Amino acid sequence: MPNLSQNGYIVLENSIDTNLGNNCLDTNKIDYKCIYSAINRKYFPTIQKQIPDSDGASFRRFIFSNNSYSSMDSLYHANSYNHTDTNEIPIYCAYLFFSSAKLEIIPGSHNATNKMNYASKIQLDLQNGDVVIMNSNLHNRTINNGNSKILKIMDIFPNEEIKARYSHNFIVAQMNNSLIIKHIIFSLIFLSKSNLIMNFINYFYYFLVYYDAHNKFLLESINNKGKLVSYEANGRKYLDELNNHESWNTYIITDRNISTQYFGNNLTIILVLSLVLYGVFIYFSCKNKDVKECYKYFYETYTPKYIKDYMTNYKINPSQIL
């Protein structure tokens, strides 16, 4: 059985009753106060028993994800990123599966000095009632499986000592205030339907995650040195502000002391300028070529060898992509 400290995750098969009752779910809406009650009564005690030194465990956020409308779940990510000098941070999250789904993880990637590459990934086939408990820093992604439903409990502190030590250095970067990021996230909903496209995107994106380049690029206005940083790509609501049923894929914040930062304006400017420059570059490179000739020219001239090797290994013929 995988070890929570060594591998960064454990799987609890068929360990929860996923019957929430009709009062929690109403067509495409959710009564999050009802879900919160179910977490505290039914689910969190099961999770707490599997975490070391978890006397007095608590959590600060949760989200009920419907994979048909999820955003960045299909990209490799960690639920927090460790910018401290500590090698392993004992903060956890739990994925509760309310339907079958596939979860890709990179075992050991929660350890700061254990640089696990993309080839180390494994795939978990989860069923209704299964739970995956993982270190919050573990790299993972959900593979689109039609209409997967996953309840994610975030920022699990095993005890008050751990919470006091790390919570004040834990920043949540809220991405939903950036219009362009919203559009990028929305496009991932459709791109995630194609495993071929998502394999390509993840292959490149994991290099950003591996070298921590995405944090350096995105968090241009946030001093993350010595801190833990988590991203919220979806909207959010505070638990004490909830009224009736709310939409799926909304982060519910149970602790108002959570430290939140906002970003996106600089990123929007950089992306727009990059697109303009990229368009100009493509125009002058391809103005006397048709689409296939242009594609072949860019592939042969600018594609790095490791990407060509990846396409060869997966028997992807670039001439057949168009």
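Only the coordinates and a few stated rules stand behind these numbers; no lab work does. Everything numeric here is computed off the predicted structure, so don't read it as measured data. Methodologically, a virtual Cβ is constructed for each residue, glycine included, from the backbone with ideal geometry; neighbour enumeration extends over all protein chains shown.
Take the Cα of Phe298, step 7 Å toward its Cβ, do the same at Asn147, and the gap between the two points is 3.7 nm.
Exposure proxy shown here: for Thr142, Thr84, Thr254, the number of other Cβ atoms within 10 Å sets the order, fewest to most, as Thr84, Thr254, Thr142.
Between Phe281 and Thr86, the FRET efficiency from the beta-carbon distance, with R0 = 41 Å, is close to 0.45. One chain, two ends: Arg256 and Asp55. Fully extended at 0.36 nm per residue, the span grows by 70.1 nm beyond their Cα-Cα distance.
Maximal additional length on extending the Val291-Lys42 stretch stands at 84.0 nm, based on 0.36 nm per residue less the C-alpha distance.
Simple spin-label estimate for Glu161 and Asp26 gives 4.5 nm between the two label positions (7 Å along the Cα-to-Cβ direction from each Cα). Ordering 123-129, 73-79 by mean Cβ neighbour count within 10 Å, with the highest value first, yields 73-79, 123-129. Between Ile122 and Ser5, residue separation times 0.36 nm minus the direct Cα-Cα distance comes to 40.4 nm.
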